[in-house]
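Chemist: Below is a structure I'd like to ask you about.
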């Protein structure tokens, strides 16, 4: 498992989604064998993608789900530029109705990308 270490203490900040400094063993293995690529996005752009999704689909995604949505949007835009039509599959893992504070912070410009 990849980790920042047991001594790591993340800074006290609001972060969209779960912030865990390790990864599941299966994900670590898939990454190590280059079957997947790990991608990180700034949280403001993630919430921007979530708002776009909510306005389009009528469902408010959880911040964790919003990271996947941001990746889907990026993959779709890249496919369009390459004139490709791939099948893009993602896991909508949950609604954001319990995370409305994150959206409030986003709309009131209280989120940072740090």
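Chemist: Might you check whether a residue that is surrounded by fewer than 17 Cβ atoms within 10 Å (Cβ to Cβ), without any contact (Cβ under 8 Å) to a residue 60 or more places away in the chain, farther than 17 Å from residue 40 by Cβ and in contact with a strand residue (DSSP E or B) (Cβ under 9 Å, 6 or more places away or on another chain) occurs anywhere in the stretch 95-111?
Modeler: Within the stretch 95-111, one or more residues are surrounded by fewer than 17 Cβ atoms within 10 Å (Cβ to Cβ), without any contact (Cβ under 8 Å) to a residue 60 or more places away in the chain, farther than 17 Å from residue 40 by Cβ and in contact with a strand residue (DSSP E or B) (Cβ under 9 Å, 6 or more places away or on another chain).
Chemist: Take residue 87 and decide whether it is without any contact (Cβ under 8 Å) to a residue 60 or more places away in the chain, in a loop (DSSP other than H, G, I, E, B), in contact with a helix residue (DSSP H, G or I) (Cβ under 9 Å, 6 or more places away or on another chain) and surrounded by fewer than 16 Cβ atoms within 10 Å (Cβ to Cβ). Break it down into steps so the answer makes sense when it comes.
Modeler: Working: without any contact (Cβ under 8 Å) to a residue 60 or more places away in the chain: yes; in a loop (DSSP other than H, G, I, E, B): yes; in contact with a helix residue (DSSP H, G or I) (Cβ under 9 Å, 6 or more places away or on another chain): no; surrounded by fewer than 16 Cβ atoms within 10 Å (Cβ to Cβ): yes.
Criteria not met by residue 87.
Just so you know, all these numbers are worked out from the coordinates, no wet-lab data involved. Quick caveat: nothing in here was measured; it's all calculated off a predicted structure. Neighbour counts run over all protein chains shown; Cβ positions are idealised from the backbone, glycine included.
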